[in-house]
Amino acid sequence: MSAPAAVFELRLRALPRFRVDLAGVTPLALGALGEAEAGRVAIRHGNEALALGELFEIRRRPANAPALHFEGDLSRFDRLAWEMEDGEIRVDGPVGHYAAARLRGGLVAVAGDAGGFAACEMAGGELAVAGSVGDFAAAALPGSMDGMRGGTLVVRGDAGARFADRMRRGTAFVFGNAGDFFASRLVAGTIALGGRCGAHPGWAMRRGTLVFAGETPAVPATFVETGHDLRVIWTLLARDLARAGGPFTALPDRRVRRFAGDIAVDGKGEWLLPE
Amino acid sequence: MTASPTPTDAPPLPWTCPFCALLCDGVALARGETLELRGSDCPKARQALAQQPADTAAATPTIDGRAASLDEALDAAARLLAGATLPLFAGLATDVAGIRSLYALASARDAILDHLLGDAIMASVRPLQDRGVYYTTLAEVRTRADLIVCFGTRPAERYPEFFRRIAPGEPRRREIVFVGTDTDPAAAGPDTELEAVPFAGDAFDTLALLNALAADRALAAPPPGPLAGLAARLQAARYAVIVWEPGASGAQGALVGEAINRLVGTLNARTRAASLALGGSQGGYTANQVVTWLSGLPLRTGLFRDGLRHDPWALATARVLAGRNADLLLWVSSFDPSATPPAADLPTIILGHAAMPPVAGAPQVFIPVATPGIGAAGHLFRLDGGVVVPLVQARDDGLPTVAAIAGAIAQRLAAPASGAGS
Amino acid sequence: MEINGIAIDDTFAEAFPMKATRLVVTAHNETWAMHAAVAATGFATSVIACGCEAGIERHLDAAETPDGRPGVALLMFSMSGKELAKQVERRVGQCVLTCPTTAVYAGLADGEPIALGRNLRFFGDGWQISKMIGGVRYWRVPVMDGEFVAQETTPVVKAVGGGNLLILARDTDAALAAAEAAVATMRAVPGVILPFPGGVVRSGSKVGSRYKALPASTNEAFCPALTGLAAKTSLTPEVRCVMEIVIDGLTEADVTTATRAGMQAILERGAAAGVVRLSAGNYGGKLGPFHFHLRRIIAPEAAS
Amino acid sequence: MSTLRLRGGRLYDPAHGIDGEVCDLGVRDGRIVALHENEPVDREHDVSGMIVMAGGIDLHSHIGGGKVNLARLLLPEDHRPAPRTDNPLELASCGACTPGTLATGYRYAEMGYTAAFEPAMALSNARHAHMEMGDTPILDHGAYVMLGNDELLLEMLAEGGDPALVRDYVGWAINAARAMGVKVVNPGGISAFKFNQRKLDVDEPHVQHRVTPRQVVHALARALTELAVPHPLHIHASNLGVAGNIASTLATIDALEGLRGHLTHVQFHSYGTEGPHKFSSAALALVEAVNAHPNVSIDVGQIIFGQTVTASGDTMTQIRNAALGSPRKWVGADIECDAGCGLVPFRYRDQSYVNALQWVIGLEIFLLANDPWRVVLTTDHPNGGPFTSYPHLIRLLMDKSFRDEQLARLHPEVAAHAALREIRRELTLYEIAIMTRAAPARLLGLADRGHLGVGAAADIAVYREDADREYMFRTPEYVFKDGELVARQGRIVATPVGGTHFVEPGFDGAIEQRIARYAEHHHALDFRNAAIGRDELCTCANGGQLLVTPCAVHGTNGT
């Protein structure tokens, strides 16, 4: 980072009337600005442009690395960290839809829940949600062939339906439960689930790995058990996943069964079911 | 064809029924006190015709529940729209002309567009956006299909004339298989064999198995016999058509569509097959087609001031309203009086069917409009996508068209005095 | 200079730059890891005709390997990254992929990546699976005993080849015993291999030959059979047998450490064990930029 | 009454042999007139030093109808992001390779085009096509109805193909669809694919009807000749995109037996099988045949590198292409016993040997053909690339050094060996005016378009001279539609509704019985609704003018 870095603290003044689009409000974009200038940055509120300072009290202090700290209920604020390339954004409450969508780098940490499409088409960096995420987290926008395509998503709460739909690369964790069609149409990547999942996990998954560390789901008819010695890849994977902690800590110590599928499609994906 | 009143003994009017997306045009209307269907006993058409008020003169515009002149109502509607910054145009149950006119208004007011059957429409659009489809149309089904698989639907329940419309014009053997439902006697016909194949699990499990079987994949456990038999017949058919119903396929209906089209794709590698998605009633496919060609994007697109954004999830009427992410609802419903606007604590403009019951609540303007195919001529898209069927005016009921109302509101907004726009 | 009665020539071993990589081969047990490692590093004594110089660096405990199984670290050296890539692919493809229960990983963290599993994956004929774990890509190739796991790439680093130590002894027994003692200590040094059989080579060579086809030929200066015959000899009559230990190392320091360890092992045994002199092969500084001065290595203060 | 004078421009009006002559141009009530030099006018623009041409006419551009709209539905990601312009005259509309109709009209008009023709209107989809074209602002438009895969015609041909019967049927179909002409797509092949036939050469029989493409082409060309429809049969020949298809293209020319025919997007039909990749340019062979057959005209279908979507009725071809598409999704359809539909997204890459050669072949055709009056500039929008790339294409044709720069970037084997390297020709403004205005107007039979003579519609594009022809043709200084200024320096200033061009050839109404009988047994639309009336056309086309081009012999007694 060549520009002088700064941390901005943005305290929400009041809940906005319409949803607000935070695209463009990133640590790097704000980093070069002063407090007053940052307050004049235009964001979209409903159909109208609004100055950032109208919605937030803004304080800037110099720092080693660029960062934004949001305080307040941001559940009506969408596209937090949209296409962010670097830096850090922390939110001390909930956020709206498309949080960290198309993220390319840096860290986004949300202390509350995130809405729909969190980390969708994320390509790098990390989104950590202490609460739950809505539907289509790590999924794809309409028409896109790939959902999340890199980076790490950590959800400490629950996930909604269609988690990681069309995800292609990267690693995603759900510590709690997942909704229906968990990892539907998965293209590739690794997903570890700590709790239980809804109906039709892995529906039409093409490649990729699902690790069910919690409740073992019923295996559909279009998945096939492969009885081979898995210890090598399992050790590599389990040791890596275990670093996330929580329900994944003990993975390296558990024996695992493997099912390949979904043979309704390419059938090169796998379910790993630790015993 | 605007003559009115029509004597009862006049020959029935060759008519096109607008009340479901089959748009049956081989029927006629006898026009007396009431409108009576000839050439078909379609219960859906009969019910809809029975709902047409005999006297539309009683249907007047209202402002906040009080009767008003059309001019007053238009003024009030224009005022509401001018004061809104984020309007939602929903319902959109109208014809081509209506959507064209509403689109210009929506563009001027930066509105969000959705249809009252938006969930079903998106369930048919998403498979197309995500992976593509291979589809067919009624004449092809009628002329060439030797195996018709109704997947999870009994089409005649919502499209009563469906099997009549796809009945071969000359003797030809065909099989109609109902997967996941009982056979429908409505499908019976000469040389037609009916069969029911139960789901193995639910629709999704069944489609997964069918896809694996059609691709000759080995399964861990033998599949249910009837399903394996169906897969074999799909592979052997000269032209297999898989009929499904996006609106009846549940919250993840788009995935049903995708799986069906995967099956069709697998079959098309060696033989011939196609899918047919039943939907698009109440001008649903019409609204989607017109909005798509005008804007470049399908329904559930916001013509926002800073750009167009298509979001089938966030811009669903229910989600927009629940999130209070609009400050005005313009509701258009010209076919079905029971298709009333969803509860919303928002100023509401209703361009509604003349028999629509009053809706309690927020400040609102109600303007009764002609039903295309009853009070006005028009055009609608048929359920198979590319065929536009002309509607005739059955009688002159004095009601304005949606196109006319939207145009009149737009004119008021454009007038400098209204203070609208900017 | 003389230590414990053994003369140390005022010369240097002249070494040249090479490209190297470290591979970690694991298996169900140590035996099978070793089978793979031995085969993969076989026939890899000299780049002159083997394509690479390779050897086993050390055994790895289960706790030290990525997959928790016993393993072996190998080092492979070639004159270019391209040649090394070819050798890695051939040797791992023929000797590790084929060997029951093995898996193969990169043993270095940084460097220019060359293919490890990247091309071997095609053995899977479309059934291979890629897996990214902790930012590293692995390939999983179905084979008859399960799956062969190979890291996609292995980093290549600049390395040092051709370090050497010449042991000039009174007779064959003495030369061999000294060489064996030196090899035993040198092999404990990390980052080096001694690529010749038993770590020892008796056919020390010079560059060039009277025959056009040969790039190298016998080093007559150190051949006891030619003492008094060859115009240039480095031997005195009491030297009847010379052995050379060739050292390839990942860094200059590794080669130095190994050379010192070898020298010390010999010197500690003293002149009584039959070693007369220690010397080294140099080419007048024309062959390579790395010069390992024997005297400086064994007694840095004294030599400086 | 309103008058306008463009003073001092350099006119390029090939229809009158005017090649850069400086003279004033007068307009009264939307028509070009001769004005006295001193006659007062309502508006006058000093265009001295500028280049004045008739408005551009695109005779082959997929701008409306079912498959175009499906392409929009297929690729929402291609429409992201979709900013709105700041021009309040423009309604919201977006898109890149298949923009919304509104954006299509705006973007065409901005670059000086005033008419475009949809080449592939399915009979069953005609209303829809007219609706989309009607919602394409500013541009006049028309469409060719697709015949030759309609089961009824194939049935007639299988019965022996009585020319009178075929003529009347074709005449009926043109009138029913309100078409400007007839297009045949992969003659018989779309139908054959419905019966699971995967390949159909010019002399190969259709698996069901036993009719050959040669018969289909000849029968349709003959019918159009007898109906005196000005636009010759618009032919998308057999084997589109297949290596070696020059043979079937030449055989198709042969099938015309001297009757007029317009071979469309010939670039996709001019492939040989030479060289290491068994894929080579047959541009020379194609051009020699065109030069030798004055009855044949062509448009090129130049490819442009980048993302686009191929939209075709040719399901037989598209199911094959689907595996090559990018992104990997596609749409296909069997339509109403008269047509098909196939949409495959494509990303043409300059480093792909095949794509690079396709690019070269298109340019070779443009530059080798010796009669510009029979060569029309197209990219087969969106199949070869979007119409917005026309200015770029014009520069490639007019600027050898620019062309060489582009050529050098291609796949090395193509860059090193293409015959294109040796072609020194640079098209002149006069030749460009022929290929983009005068020739298409003449091939369509538009007497009052595509030129600047007295009486012509005042569709005029005025360009500011610039050595960078791409820049020059992208942003004309003024664009007039029927005398109204519609675009100024790339900004839309008026959005009139365009008119609909169509023909009304006469035919024997007795044919309707046969068609009605067929419809009753096979179709899903009541025969009563089979044809579009004039009033209905006006409604569909959004109230634009109805522009009837006369058919010379039979007049316009219509139905």
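Put simply, of B:Arg126, B:Arg100, B:Arg164, B:Arg142 the only residue that is closer than 23 Å to A:Leu141 by Cβ, in a helix (DSSP H, G or I) and within 12 Å of chain D (Cβ to nearest Cβ) is B:Arg126.
Here is a yes/no grid of residues against (1) more than 10 Å from chain A (Cβ to nearest Cβ); (2) within 21 Å of A:Met205 (Cβ to Cβ); (3) in a helix (DSSP H, G or I):
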site	(1), (2), (3)
B:Ala212	no, yes, yes
B:Leu234	yes, no, yes
B:Asn261	yes, yes, yes
B:Leu267	yes, no, yes
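For B:Ser249, the criteria (1) in contact (Cβ under 8 Å) with a residue 40 or more places away in the chain; (2) over 29 Å from B:Gly361 (Cα atoms); (3) facing another protein chain (nearest Cβ under 8 Å) hold in every case but one, which is (3).
A count restricted to the stretch A:227-250 and to residues that are facing another protein chain (nearest Cβ under 7 Å) and within 19 Å of A:Ala183 (Cβ to Cβ) stands at 3. Against the list (1) β-branched (Val, Ile, Thr); (2) part of a loop (DSSP other than H, G, I, E, B); (3) within 14 Å of chain D (Cβ to nearest Cβ), the condition B:Thr340 fails is (3). Give the residue that is surrounded by the fewest Cβ atoms within 10 Å (Cβ to Cβ), with candidates limited to residues of the stretch B:145-161 that are outside any strand (DSSP E or B) and of a type in the set (A, V, I, L, M). So the residue we want is B:Ala156.
So if I check each of C:Leu267, C:Leu287, which one is touching a residue at least 60 places away in the same chain (Cβ under 8 Å) and assigned to a loop (DSSP other than H, G, I, E, B)? Even if it seems obvious, please write down each step before you answer.
Numbers: C:Leu267 fails: assigned to a loop (DSSP other than H, G, I, E, B).
Only one candidate passes the filter, namely C:Leu287.
Do the conditions hold for A:Val224, that is, is it within 13 Å of chain B (Cβ to nearest Cβ) and either under 25 Å from C:Trp139 (Cβ atoms) or in contact (Cβ under 8 Å) with a residue 12 or more places away in the chain (or both)? Lay out the reasoning, then the answer.
Working: within 13 Å of chain B (Cβ to nearest Cβ): yes; either under 25 Å from C:Trp139 (Cβ atoms) or in contact (Cβ under 8 Å) with a residue 12 or more places away in the chain (or both): yes.
Here the answer is yes, as A:Val224 does meet what is asked.
Taken together, the residues in the stretch B:298-310 that are touching a His at 6+ places or on another chain (Cβ under 9 Å) and not polar (S, T, N, Q) amount to 6.
Among the criteria (1) free of Cβ contacts under 8 Å to residues at least 40 places away in the same chain; (2) over 12 Å from D:Asn175 (Cβ atoms); (3) surrounded by fewer than 20 Cβ atoms within 10 Å (Cβ to Cβ), the one D:Thr539 does not fulfil is (3).
Across the stretch B:82-136, the qualifying residues are those that are crowded, with 24+ Cβ neighbours inside 10 Å and of a type in the set (Ser, Thr, Tyr), and the one among them that is nearest to B:Ala343 (Cα to Cα) is B:Thr94.
Facing chain B (nearest Cβ under 9 Å) and either more than 17 Å from D:Val216 (Cα to Cα) or assigned to a helix (DSSP H, G or I) (or both), is that true of D:Ala143?
On the way: facing chain B (nearest Cβ under 9 Å): no; either more than 17 Å from D:Val216 (Cα to Cα) or assigned to a helix (DSSP H, G or I) (or both): yes.
No.
As for the stretch B:141-149, it holds no residue that is assigned by TED's automatic domain parsing to the domain that holds B:Glu258, modelled with pLDDT under 95 and of a type outside the set (D, E, K, R).
Looking at A:Leu193, A:Leu127, which is the one that is in contact with a strand residue (DSSP E or B) (Cβ under 7 Å, 6 or more places away or on another chain) and over 22 Å from B:Gly323 (Cβ atoms)? Reasoning before the result, please.
Details: A:Leu127 fails: over 22 Å from B:Gly323 (Cβ atoms).
Going through A:Leu193, A:Leu127 in turn, just one is in contact with a strand residue (DSSP E or B) (Cβ under 7 Å, 6 or more places away or on another chain) and over 22 Å from B:Gly323 (Cβ atoms): A:Leu193.
If you go through the stretch B:221-232 one residue at a time, how many are farther than 18 Å from B:Leu147 by Cβ and either surrounded by 15 or more Cβ atoms within 10 Å (Cβ to Cβ) or away from chain A (no Cβ under 12 Å) (or both)? Even if it seems obvious, please write down each step before you answer.
Taking the stretch B:221-232 as the starting set, the residues that turn out to be farther than 18 Å from B:Leu147 by Cβ are B:221-224.
Still in the running and either surrounded by 15 or more Cβ atoms within 10 Å (Cβ to Cβ) or away from chain A (no Cβ under 12 Å) (or both): B:223-224.
Residues flagged as farther than 18 Å from B:Leu147 by Cβ and either surrounded by 15 or more Cβ atoms within 10 Å (Cβ to Cβ) or away from chain A (no Cβ under 12 Å) (or both) within the stretch B:221-232 amount to 2.
Restricting the first member to the stretch D:514-526 and to residues that are more than 7 Å from every other protein chain (Cβ to nearest Cβ), and the second to residues that are buried (at least 21 other Cβ atoms within 10 Å of the Cβ) and in a loop (DSSP other than H, G, I, E, B), the beta-carbon pairs closer than 9 Å and six or more apart or on different chains are D:Tyr518/D:Cys337; D:Ala519/D:Leu525. Of the set (1) within 30 Å of D:Leu452 (Cβ to Cβ); (2) surrounded by 24 or more Cβ atoms within 10 Å (Cβ to Cβ), all apply to D:Cys97 but (1). Within the stretch C:156-200, the set of residues being surrounded by fewer than 19 Cβ atoms within 10 Å (Cβ to Cβ) and closer than 22 Å to C:Glu220 by Cβ comprises C:Arg170, C:Asp171, C:Thr172, C:Leu176.
The residues of the stretch D:97-132 that are part of a loop (DSSP other than H, G, I, E, B) and either more than 9 Å from chain B (Cβ to nearest Cβ) or aromatic (Phe, Trp, Tyr) (or both), listed by number, are D:Cys97, D:Met111, D:Gly112. Restricting attention to the stretch C:270-284, and to residues there that are of a type in the set (A, V, I, L, M) and in a strand (DSSP E or B), which single residue is farthest from C:Thr11 (Cα to Cα)? Of everything passing the filter in the stretch C:270-284, C:Val275 is farthest from C:Thr11 (Cα to Cα).
So which residues in the stretch D:101-122 are surrounded by fewer than 24 Cβ atoms within 10 Å (Cβ to Cβ) and touching a helix residue (DSSP H, G or I) at 6+ places or on another chain (Cβ under 7 Å), if there are any at all?
Scanning the stretch D:101-122 gives D:Arg107, D:Met111.
Counting the residues of the stretch C:89-111 that are under 23 Å from the mean Cα position of the chain (by Cα) and surrounded by 15 or more Cβ atoms within 10 Å (Cβ to Cβ) gives 16.
For B:Arg100, the criteria (1) under 28 Å from D:Met133 (Cβ atoms); (2) over 23 Å from the mean Cα position of the chain (by Cα); (3) among the basic types (Lys, Arg) hold in every case but one, which is (2).
Within the set A:Leu68, A:Leu50, A:Leu127, the sole residue that is among the aliphatic types (A, V, I, L, M), within 14 Å of chain B (Cβ to nearest Cβ), crowded, with 17+ Cβ neighbours inside 10 Å and part of a strand (DSSP E or B) turns out to be A:Leu50. If you go through the stretch C:206-263 and keep only what is assigned to a strand (DSSP E or B) and modelled with pLDDT under 95, you end up with C:Lys206, C:Val207, C:Ala216, C:Ser217, C:Thr218.
Would a scan of the stretch C:66-76 turn up a residue that is within 14 Å of chain A (Cβ to nearest Cβ), out of contact with any Asp or Glu (no Cβ under 7 Å at 6 or more places or on another chain), not in a loop (DSSP other than H, G, I, E, B) and not basic (Lys, Arg)? Talk me through it step by step, then tell me what you get.
Pass one, the stretch C:66-76, residues within 14 Å of chain A (Cβ to nearest Cβ): C:66-71.
The next check asks that each one be out of contact with any Asp or Glu (no Cβ under 7 Å at 6 or more places or on another chain); those that pass are C:66-69, C:71.
From the residues that got through so far, the ones that are not in a loop (DSSP other than H, G, I, E, B) too are C:71.
Filter once more, keeping what is not basic (Lys, Arg): C:71.
The answer is yes, given that some residue of the stretch C:66-76 is within 14 Å of chain A (Cβ to nearest Cβ), out of contact with any Asp or Glu (no Cβ under 7 Å at 6 or more places or on another chain), not in a loop (DSSP other than H, G, I, E, B) and not basic (Lys, Arg).
Taken as a whole, the condition of being touching an Asp or Glu at 6+ places or on another chain (Cβ under 6 Å), in a helix (DSSP H, G or I) and under 28 Å from B:Gly118 (Cβ atoms) does not apply to B:Ala208.
The values are calculated or read from the model by the stated rules, or taken from the named source; none is laboratory data. Keep in mind that this is a model prediction, so the values were computed, not measured. Note: ideal-geometry Cβ built from the backbone for every residue, glycine included; neighbour counts use all protein chains shown.
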